[in-house]
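Novice: The structure under discussion is supplied below as structure tokens; questions concerning it will follow.
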Amino acid sequence: MTVETRAPDRQVPFDESAEQQVLGSLLIDRDAIFKVADLLRVDDFYIARHQRIYDAAQALLERRERIDPLTIQMELSRREELDRAGGQAYLRALADGVPTAAEIDRYGHIVRDRAILRRLLGAATSIAADAYDEPTDIALALDRAEQRLFALRDESANAQLRHITASLQSNYEHLTDRMERPFEVSGIPSGFREVDYYTEGFTVGDLIVLAARPSVGKTSLALGMSFNVARRGHPVLLFSLEMDAKQIVSRYLALNSRMDLLALRTGNIIDTDAAAALHGLPVFIDDTPGISIMELRTKARRASTHEKIEVIIVDYLQLVRGGGDEENRVQEIATITRNLKSLARELGVVIIGLSQLSRAAGDSGGEPKLSTLRECVTGDTIVCLADGRRVPISELVGTCPEVLSVENDRIVTARTEKIWAVGRRPVFRVRLTSGRSIRATADHRLRAFAGWRHVRDLTTGDRLAIARRLPEPKSITEWPSERVGLLGQMIGDGSYIKGAPMRYTTSSEENSRFVAAAAINEFGAKVTRYLEVGNWHQLLISGNGNRWHPAGVNAWLRDLGIFGQRSYQKRVPCDAFRLANKQLAILLRHLWATDGSISVHKGGGGHSVYYATNSIGLAGDVAALLLRFDIVTRTVRVEEAGYLPGYQVHVSGTEAQRRFIELIGTFGPRVEPAAAVMAATAGIAPNTNVDTIPREVFALVRGRMRDREITTREMARLRGTSHSGNGHFTFSPSRPHLATYAVLLEDSALMGLATNDLFWDEVIDVVADGEQLVYDLTVPDTSCWLADGIVSHNSGALEQDADIVIMLWRDREETPAGAPRLINGSVAKNRNGPTGGFQLLFESEQAKFFSKASDEGGPPA
């Protein structure tokens, strides 16, 4: 693309005299600031010294101090900015140059207008820069351009940092108005007293979700609300993805008529009075089927500019296209709801989005719960953070940490938006073959090969995605190597419980020498050897201070948060997960030197590499540490009468075992058996039956073969194997096996499945696990996160993004013929008000809702 540019020799828009008039007015009238505090920002002033003076005035306002030349001078002096603001002489000149502050409002708007013109130039420059870059996503570039320009039309809609003092006056006026008119709602009324009782009318900037099962009447209620809103003079924009404009108009005619909807649609009856009443109603209809969220935003901005739209209705959300590269429909819905919420704030409108509930949510005839839109996990669920740490979700409430997530089947980092406690809910425990498990609500979704699966739909044998590897944190912590090794030895064979001497028990002389040297070198400890029984002996580590003044190894373990743990409670400290991989290798090497096992099976079968512990938490920590080295383990529970249950973390398969010995290494008593395993497996080609792809992948393979007109016999010939018909596609292939198909078919998608970061674990069982306090976590960008390595879906975006959630449902009881049907409803979420239930009457022949509430303004019937 060839572009010719010309730099115009023009001055940036600003009015120095108007800026001086505003500042002079502030200096001579202490109350003048209240006339411009909501209008002007510091950067609305173009001249730097004027910015400093106005910023000082705002600071005085926030502290509720008098504004005059002396106080401004003192504030600027305190900031060491008086000289850069023109000095005392310039402040005096500003005050002397303004005879009266009566015109401050007019001059304030001049300053504001010039600032907007400057921002318009900035927006134009940014738009031009985007165009010069020749973006591949034109729709996104247009949306950004529209958003930049539209924001300038009414900057009061933009998010700004405002001190509360500047808004007190307008808030006071609002409250005074409410006191004078106590029986009127403060927002835009829905026309149904039952709903308005809880919402006080809909507030601009809010996203309202109206959710129900099909055929309950959510569309009829939304149309009824829009009709009532439009009759009161509030323009409505309706995006109808399910019905065309003719059907919508028929519905509106029925709402304003006593005639049957079917008769009106078929033309058997023409209600001219109803049609005349609709004429001039400020309702605008867009019935584009399958509209994308970007198109919707563009049309909404345009309509808001030209028609002053106040309410937008989207019927319904699940039919809107995300228009991006999202992996699945669920992630698209999250993108759509976030866009609608930001659009409501941007345009200063109410957006009502209709949503279809799942069959399980409404078929029972009972009230759908807000948890229908949520997906929750128990508080002990481990969240894998981007800095390497593994933290229970209950400890992250109120924070927005960066977590490990999955995008395009690769492990990435993503920022969370919110983590919060939901309440007590029935949960299920999902156990996997790898030893991992997750406890979650029935509607929680986990990643299966064909997409997201609800917990309630999982069965034994299903394959779920877990992380095949974990990345090294970008920002790492480094400890002295001896200290890292000592930690591994103490976790394995050390005793550091409260009220007892610190001891280390071993039968290995190499381990003993290392622990003694590390404790002395790193902490100046005194180490005494005693209690030798056979090959076993103990080291007493002293010099650790006391309970009031801990020192040495004692203080170190306390700082790490693991002091006082008994054997079944032991854990790898949280901060150790921030270490670089090379130091984690030291930690694992010494940990394996204590309770690890490496052995050769001479009688045939696989060799063994595993770590044994009776702490289930430590077993999980070891499994997570090994993922940093691309090693997926399997943890098995071992029980023996009279002992605590034990857990063994197994490294299975020749390839993984050799990788363990090569990357992590061995120490002390594990050196010789490791060398024996390496010798025994030398030259043996890996034949994995663990790291396989679900057999459903062969549906993709066969589809690609059909596209290229390759028969199964021809494919067998290309692969150099004998032809066995469909037998080639009845098992779960290994990654190398699938990769051969990807190469022969020249298919990048198949190669991605053969090389991605996901390991397909298998479900052992799904069992009810009582009622627990559950938590929610949202990840806007990727809509998923790693729950102890298990790929877990983002929380329900509908409920999270919505300011108000209205649920509808109907009882199973049959309604007598000719009688209105009773529809139950509830305001299940109200960000700024109460929640509760209500009932409406529905006349099916007219598809029309009627209010059931009393006229006295009391609570809903």
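Novice: Once label points are set 7 Å from the Cα along Cα→Cβ at both Arg429 and Leu822, what is their separation, rounded to one decimal in nm?
Specialist: Once both label points are built, they end up 4.2 nm from each other.
Novice: State, to one decimal in nm, how far the label point of Trp420 lies from the label point of Met678, with both points 7 Å from Cα in the Cβ direction.
Specialist: In this crude label model, Trp420 to Met678 measures out at 5.5 nm.
Novice: Taking loop as defined by DSSP and a crowding limit of 13 other beta carbons within 10 Å, which GluC sites (Glu not before Pro) in the range 697-747 fit?
Specialist: Glu709, Glu746
Novice: When a/c is below 1.5 the answer is rounded, else prolate if a/b is larger than b/c, else oblate, so apply that to the range 510-663 with a ≥ b ≥ c taken from the square roots of the Cα gyration tensor eigenvalues.
Specialist: Prolate shape, in that a/c is at least 1.5 and a/b is the bigger ratio.
Novice: Can you tell me how the range 605-645 classifies by the Cα gyration tensor, rounded, prolate or oblate, using a/c under 1.5 as the rounded cut?
Specialist: Oblate.
Novice: Taking the Cα centre of the chain as the origin, how large is its charge dipole in debye, to the nearest 20, when only Lys and Arg (+1) and Asp and Glu (-1) carry charge on their Cβ atoms?
Specialist: 2220 debye
Novice: With the dipole of the chain worked out from charges on the C-beta (+1 for Lys and Arg, -1 for Asp and Glu) around the Cα centre, which of Thr613, Val774, Val111 lies farthest toward the positive end?
Specialist: The residue sitting most towards the positive pole is Thr613.
Novice: What's the FRET efficiency of Tyr132 with Gln11 using the Cβ-Cβ distance as r and R₀ = 22 Å, to the nearest 0.05?
Specialist: The calculated FRET efficiency here is 0.35.
Novice: Rounded to the nearest 0.05, what FRET efficiency is calculated for Glu65 and Glu103 with R0 set to 35 Å and r the Cβ-Cβ distance?
Specialist: Between Glu65 and Glu103 the formula returns 0.90.
Novice: Could you state the number of Å between the C-alpha centres of the range 608-624 and the range 37-63?
Specialist: Using only Cα atoms to place each centre, the spacing works out to 61 Å.
Novice: Quote the FRET efficiency, to the nearest 0.05, computed for Asp559 versus Val671 with a Förster distance R0 of 22 Å and r equal to the Cβ-Cβ distance.
Specialist: Calculated transfer efficiency: 0.10.
Novice: Need one number: nm distance between label points at Glu771 and Trp548, each 7 Å from Cα along Cα→Cβ, rounded to one decimal.
Specialist: 4.8 nm
Novice: Determine the relative contact order of the chain: mean sequence separation of Cα pairs under 8 Å and six or more apart, normalised by residue count, in whole percent.
Specialist: 15 percent
Novice: Multiply the residue separation of Asn535 and Glu478 by 0.36 nm, subtract the distance between their alpha-carbon atoms, and state the gained length in nm to one decimal.
Specialist: Stretched out fully, the Asn535 to Glu478 stretch lengthens by 17.0 nm.
Novice: Taking a 32 Å limit on the Cα-Cα distance, which of the listed pairs Lys35/Lys418; Lys308/Lys848; Lys526/Lys602; Lys526/Lys582 fall beyond it?
Specialist: Exceeds cut-off: Lys35/Lys418; Lys526/Lys602.
Novice: Give the residue list of GluC sites (Glu not before Pro) in the range 417-482 that are DSSP loop and have at most 11 other beta-carbon atoms within 10 angstrom.
Specialist: Those satisfying the criteria are Glu478.
Novice: Of Thr71, His50, Leu39, which is farthest on the positive side of the dipole of the range 24-79, counting Cα position, with +1 on Lys and Arg Cβ, -1 on Asp and Glu Cβ, and the Cα centre as origin?
Specialist: Ranked along the dipole, the leading option is Thr71.
Novice: Just one of (1) 31.9, 106; (2) 30.1, 120; (3) 34.4, 106 is Rg and Dmax of the Cα atoms in Å calculated from these coordinates, so which is it?
Specialist: It is the value labelled (3).
Novice: Once the Cα atoms of helix 69-78 and of the chain are each reduced to a long axis, what angle between those two axes, in degrees from 0 to 90 to the nearest 10, is obtained?
Specialist: On a 0 to 90 degree scale, this one is about 10.
Novice: Of the chain, which part is the longest with no chymotrypsin sites (Phe, Trp or Tyr not before Pro) in a loop (DSSP not H, G, I, E, B) and with at most 16 other C-beta atoms within 10 angstrom?
Specialist: Free of exposed loop sites, the longest segment is 184-547.
Novice: What length, rounded to one decimal in nm, is gained on full extension from Ser215 through to Leu319, with 0.36 nm per residue of separation minus their alpha-carbon distance?
Specialist: Length gained, Ser215 through Leu319: 35.8 nm.
Novice: Pairs of alpha-carbon atoms within less than 8 angstrom and 6+ residues apart define the contacts here; what relative contact order does the range 375-473 have, in percent?
Specialist: About 24 percent, as a whole number.
Novice: Please report, as a whole percent, how much of the solvent-accessible surface of the chain comes from carbon and sulfur atoms (probe radius 1.4 Å).
Specialist: Whole-percent figure for carbon plus sulfur exposure: 50.
Novice: How would you order 580-586, 403-409 from highest to lowest mean count of nearby Cβ atoms within 10 Å?
Specialist: Answer by packing, highest mean first, reads 403-409, 580-586.
Novice: Between the DSSP loop rule and a limit of at most 12 other Cβ atoms within 10 Å, which GluC sites (Glu not before Pro) in the range 47-86 are left?
Specialist: Listed in order of number, the matching sites are Glu80.
Novice: Between the helical axis of 293-307 and the dominant principal axis of the chain, each derived from Cα atoms, what acute angle in degrees is found, rounded to the nearest 10?
Specialist: 20 degrees
Novice: Do the sum for the chain: with -39,500 (n - 2.57) for every DSSP H run of n ≥ 4, divided by all residues, what is the mean residue ellipticity at 222 nm, to the nearest 500 deg cm²/dmol?
Specialist: Using -39500 (n - 2.57) per qualifying helix, the result is -11500 deg cm²/dmol.
Novice: On a 0 to 90° scale, report how tilted helix 16-28 is relative to the longest principal axis of the chain, with both axes built from alpha carbons and the result rounded to the nearest 10.
Specialist: Once rounded, the angle reads 90 degrees.
Novice: Report the gain in length on full extension from Ser748 to Met74: 0.36 nm times residue separation, minus Cα-Cα distance, nm rounded to one decimal.
Specialist: Contour length minus Cα-Cα distance gives 235.8 nm.
Novice: If you count only protein heavy atoms with a 1.4 Å probe, what accessible area per residue comes out for the chain, rounded to a whole Å²?
Specialist: Computed with neighbouring chains in place, this is 48 Å² per residue.
The values are calculated or read from the model by the stated rules, or taken from the named source; none is laboratory data. Just so it is clear, the model here is predicted, and its values are computed rather than measured. All Cβ positions, even for glycine, are placed from backbone atoms using ideal geometry, and neighbour counts span all protein chains on display. Ligands, DNA and RNA are excluded from the accessible area calculation, which covers all protein heavy atoms including side chains. Shrake-Rupley method; radii C 1.70, N 1.55, O 1.52, S 1.80 Å.
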